[in-house]
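Structure record follows, encoded as structure tokens.
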Amino acid sequence: SGFTTNPSLVKKAGVVNYREFCKKALAISGDKPISFEVFADDFHEMERQAREIASWGKNIYVKIPVTNTLGQSSGPLIEALGMKGIKVNVTAITTLKQIADVIDSLWPETSSIISIFAGRIADTGRDPEPFVSYAASIKPEKTFVLWASPREVLNVKQAERSGADII
């Protein structure tokens, strides 16, 4: 019912022109939602890239990492993009605090996705279901919770039990 991309996996697959790859992906995705991630680590450049990516189609969600590599929250950027009607897919979420902070940064009138890295949470020995359940219980109406990084078929049942909208 939709698509997402991961720049590191796209690069690993040998893609050298991300914009061209995205345009081809858009051509086959139809009207289904599709997420394309920014590459920048600087928030000003992230915003510039997000605006460009969002301009490619109405079905695009721009993937924004929950923090940059310095650990700084992307909350202000998420809020600014939402105010402008740019749909975001906030990715790489691994803590309850990040979930709460992201929810506080979302613009309720703009559709969004929050990607809980459930598989990575489980890799650390923690149960991801409470994280996803928490996000599902506090999300705005136009926000979808995504169970990211599934590792096994069991994750489909776990995602369903915890209220995830997408896996």
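The values are calculated or read from the model by the stated rules, or taken from the named source; none is laboratory data. Given the structure is predicted, the values throughout are model-derived calculations rather than measurements. Quick reminder, even Gly has a Cβ in these numbers, built from the backbone with ideal geometry, and neighbours come from all protein chains shown. Heads up: the accessible areas ignore ligands, DNA and RNA and are worked out on the full protein's heavy atoms, side chains in. Shrake-Rupley method; radii C 1.70, N 1.55, O 1.52, S 1.80 Å.
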Within segment 22-48, considering residues that are surrounded by 11 or more Cβ atoms within 10 Å (Cβ to Cβ) and without any contact (Cβ under 8 Å) to a residue 12 or more places away in the chain, the one farthest from Lys84 (Cα to Cα) = Lys24
key: Matching residues in segment 120-137 - criterion: being touching a helix residue (DSSP H, G or I) at 6+ places or on another chain (Cβ under 7 Å) and open to solvent by less than 60 Å² (accessible area, probe 1.4 Å)   = Ile121, Pro128, Glu129, Phe131, Val132, Ser133, Ala135, Ala136
query = How many residues does segment 126-138 contain that are assigned to a helix (DSSP H, G or I) and either under 24 Å from Ser111 (Cβ atoms) or aliphatic (A, V, I, L, M) (or both)?
reply = 8
message = One residue is enough: does segment 104-113 have a residue meeting the conditions surrounded by 15 or more Cβ atoms within 10 Å (Cβ to Cβ) and in contact (Cβ under 8 Å) with a residue 60 or more places away in the chain?
response = yes
note = Subset of segment 144-163, residues closer than 18 Å to Asn89 by Cβ, outside any loop (DSSP other than H, G, I, E, B) and open to solvent by 20 Å² or more (accessible area, probe 1.4 Å), comes to Phe144, Leu146
note = For segment 53-71, the count of residues that are assigned to a strand (DSSP E or B) and at positive phi equals 0
note = Checked against (1) in a helix (DSSP H, G or I); (2) open to solvent by 20 Å² or more (accessible area, probe 1.4 Å), Glu141 satisfies every condition except (1)
